[in-house]
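Read the figures in this text as sums done on the coordinates, not as results from a lab. Since the model is a prediction, treat every value here as computed from it, not as a measurement. Positions of Cβ are backbone-derived with ideal geometry, glycine not excepted, and every protein chain shown enters the neighbour counts.
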Amino acid sequence: MLRRATLIFAVCLIVLVAGGMHTSAPDDVSAQEPERVRVAIPGFENNMTPFTLTFAALPNTHDLIMLVYDSLFWSQVKENPEPWLAEEATPSEDRRVWTVTLREGLTWHDGEPLTAEDVKFSFEYYERFAGASGRYAHHVFDVPPFERAEVVDERTVRLYYDQPAPTFEILPGADLPIIPKHVWENVEEPSMATEDLPVGSGPYEVVEIVSDQSYRLQANEAYFKGRPTVDELELRVVSDPSAAFSALRTGEVDMVGRNVPPDLVDQLPGDVEVAEETKFESTQMLFNARKPPFDDPRLRKAISLAIDSQALVDTVLLGRGRPGLDSFIHPDSPWTLPEAGHEYDPERARELLDEAGYSMGPDGVRQTPEGDNLEFSVLVSSFEPQTIRAVQLVARQVDEIGVSLTPETLDPATLRQRRPTDPDQVPEYDAYMSGLEAHAHVDPDGLYYFFHSPGGGKGFGHTMTGYGNQEFDALAEEAAVSDIPERKPLLHEMQRIFAEEAPAIVFYYPDGQFAYRPEAYDGWVTDFGHGIFTKRSFLPEYVQTGGASTVEESSANRGLLVTGIVGAVALLVIVAVVVRRRKTSEDTEE
């Protein structure tokens, strides 16, 4: 009888666990680990430290860095990010003090332990060298202002702020790369430290860099979330999108880290698959709001009213995207104004220009009140043919209201040089095109940083547009220290002001479509806000074989596995009880 019961249990255990494993289990993934995956990235990021970035690899820059480094939480696209290096972070009642508890057993790539002392050092170092990494440090040195850090014990650090930091877990918690004290403590010029290989704690270690050409990353065997599912990543710098997708078609690379151009989606070969997930990407035109006549919000708004953004989506993106919102923030962001939209009204644009004194000239181009033709150029990267096409179409649209627009194509390096970052210097350009990604649209303080009036050490609006509005500033400063329920209405009002004054005009938000070769690697995870080229695509906890899956699906499959195991254990208990009773009964009969 006992043997029969044991056999029944074994069969049930196999069925339950198999059902729980379904299509996703870390053991299955590791059994099929590829030795190498080759990814085409748009640009070179020096030696991939938070202080030496070039941002040439956008929209992949942050996800590249986060292959090598880790943040306390992951990631900033969620209102409740997942604990990562941190087990938890507990605020004081006034949200001015956060106590962070780290996981046990964390290490750096060189084997040194990662402790609370490294977290303390990181915050202090970012504050000390604020200018070297504004992309990451602004949530330390600017708003809310970091005051000091205190190590409680090896795994616990207390972070103090001068003002409430209600969204600390989102930013900087889910964005700031934690750096090793023993590597950086003697580096006095971090932006010049481009020679050495970076030392992080992330799932991959950089082992080789060929300047302007490639990186080679090896799996971190001791990673706290498990050994990565790919032994080696080869990252190839391919600036030209056409060349990148040509390399994918011919099998020279296994994945391209940028959006598939809409006209190529249907031309990809059958052995290439496309995964869909937003990276919160946007394409926008930003005015030099400190240079006349673009310091006039009526002119900027009139140009916005003349742009048919739905036509841009239909023509440039072939329908694979959404029209830009006048309020700037991506429609999928948790901070977006609910009623946001785009107002397309060329007739109102003409009326606004008439009222502002921009009269029509004899050649069909309006003139400023000073008698100058209303014509301007837009700087655009020569490596972005899709964006060039969009600017050309917008030039035709604004021509209908008497405004002359000319695209000026430049290589990325020259374009950056044309945009000086001195807050006291008014640039000479009229407008420029920019591509942004998740951080710009999900940072609850993003509007503050991008568009707060220049001066006073608040934000970096001088590097974006130089736009200034005192009402907008006051709302931004109040929102920065308000908790989420109180913050959202303030951000919504800021977006209403932005929509009427148009310091920047979003043309569209492309759909996230990323192409890869499944025979090379099929463990890609569609990580909301990150596309598929993200650290979670290489971690067994999230990876699912058989095509790109969402993180939620992977979590569900882990739940099925746990359910199967729990069910099996419960069945074992039942069988044991039955056998015991049967044996007791037989003994009694004897």
Straight-line reach only, C-alpha to C-alpha below 22 angstrom: list the lysines that Lys301 could link to, leaving out same-chain residues fewer than 8 apart.
Lys291
Please report Rg over Rh for region 282-510, where both radii come from the alpha carbon positions and Rh follows the Kirkwood definition.
0.95
Computed D for region 70-201, Stokes-Einstein, Kirkwood radius over alpha-carbon pairs, 25 °C, 0.890 mPa s, to the nearest µm² per second, is 166
Tilt, helix 346-355 to longest principal axis of the chain (alpha-carbon atoms), in degrees rounded to tens, equals 50
Charges at C-beta only: +1 for Lys and Arg, -1 for Asp and Glu. How large is the resulting dipole of region 374-532 about its Cα centre, in Debye rounded to 20?
320
With charges only on Cβ, +1 for K and R and -1 for D and E, what is the dipole size of the chain about its Cα centre, in debye, rounded to 20?
1280
Those trypsin sites (Lys or Arg not before Pro) in region 39-113 that DSSP places in a loop and that have at most 16 other beta carbons within 10 Å
Lys78, Arg103
Anything over 18 Å Cα to Cα? Flag those among Lys78/Lys488; Lys120/Lys225; Lys78/Lys279; Lys225/Lys535; Lys120/Lys181, in the order listed.
Lys120/Lys225
Show me the three semi-axes of the equivalent ellipsoid for the chain, from the C-alpha gyration tensor (sqrt of 5 times each eigenvalue), largest first, rounded to whole Å.
48, 28, 24
Using a ≥ b ≥ c from the Cα gyration tensor of region 235-290 (square roots of the eigenvalues), is it rounded, prolate or oblate, where a/c under 1.5 gives rounded and otherwise the larger of a/b and b/c decides, a/b for prolate?
prolate
With the cut-off at 1.5 for a/c, could you classify region 463-513 from its C-alpha gyration tensor as rounded, prolate or oblate?
oblate
Counting only other residues whose beta carbon sits under 13 Å from that of Asn46, what net charge do I get with K and R as +1, D and E as -1?
-4
Cα-projected label distance for Glu104 with Ala222, points at 7 Å along beta-carbon direction, nm:
1.7
Enumerate the amide H contacts of Tyr509 below 5 Å, restricted to partners 5 or more residues apart or on another chain; note that Pro and chain-start residues carry no placed amide H.
Arg322, Gly324
Among Leu353, Pro338, Leu312, pick out the residue whose Cα is farthest towards the positive end of the charge dipole of region 260-366, where Lys and Arg carry +1 and Asp and Glu carry -1 on C-beta, about the Cα centre.
Leu353
Just to check I understand the Karplus step: with θ = phi - 60° and J = 6.51 cos²θ - 1.76 cosθ + 1.60, what whole-Hz values come out for region 472-483, glycine and proline as x?
4, 4, 4, 5, 4, 5, 5, 5, 4, 10, 9, 6
Could you give each residue of region 245-255 its phi-based ³J(HN,Hα) in whole Hz, using Karplus coefficients 6.51, -1.76, 1.60 with θ = phi - 60°, and x for Gly or Pro?
6, 5, 5, 5, 4, 8, x, 6, 10, 9, 7
Karplus 3J(HN,Hα) series, Hz, for region 223-237 with 6.51 cos²θ - 1.76 cosθ + 1.60 (x for Gly, Pro):
4, 5, 9, x, 4, x, 7, 10, 5, 9, 10, 10, 9, 9, 7
Just going by the charge dipole of region 70-201, with Lys and Arg at +1 and Asp and Glu at -1 on Cβ, which of Gly111, Pro180, His138 is farthest out on the positive end?
His138
Can you tell which of Gly226, Gly512, Val210 lies farthest toward the positive end of the dipole of the chain, using +1 and -1 charges on the Cβ of basic and acidic side chains (Lys, Arg; Asp, Glu)?
Gly226
GluC sites (Glu not before Pro) within region 158-241: which are DSSP loop residues with at most 13 other Cβ atoms inside 10 Å?
Glu185, Glu188, Glu195, Glu221
From fewest to most C-beta neighbours within 10 Å, the residues Ile329, Ile401 line up as Ile401, Ile329
Mean residue ellipticity (222 nm) of the chain, computed from DSSP H runs ≥ 4 via -39,500 (n - 2.57), nearest 500
-10000 deg cm²/dmol
Could you pull out every residue, at least 5 positions away or on a different chain, whose amide H is within less than 5 Å of the one on Glu82? Hs are placed 1.01 Å off N in the peptide plane, and Pro or chain starts have none.
Trp74, Ser75
Grab the Cα-Cα distance for Val365 and Ala474, subtract it from 0.36 nm times how many residues apart they are, and report the gain in nm with one decimal.
35.5 nm
Where chymotrypsin sites (Phe, Trp or Tyr not before Pro) fall in DSSP loop in region 206-262, at most 10 other Cβ within 10 Å:
none
About the Cα centre of region 455-519, how large is the charge dipole given +1 on each Lys and Arg Cβ and -1 on each Asp and Glu Cβ? Please answer in debye to the nearest 20.
220
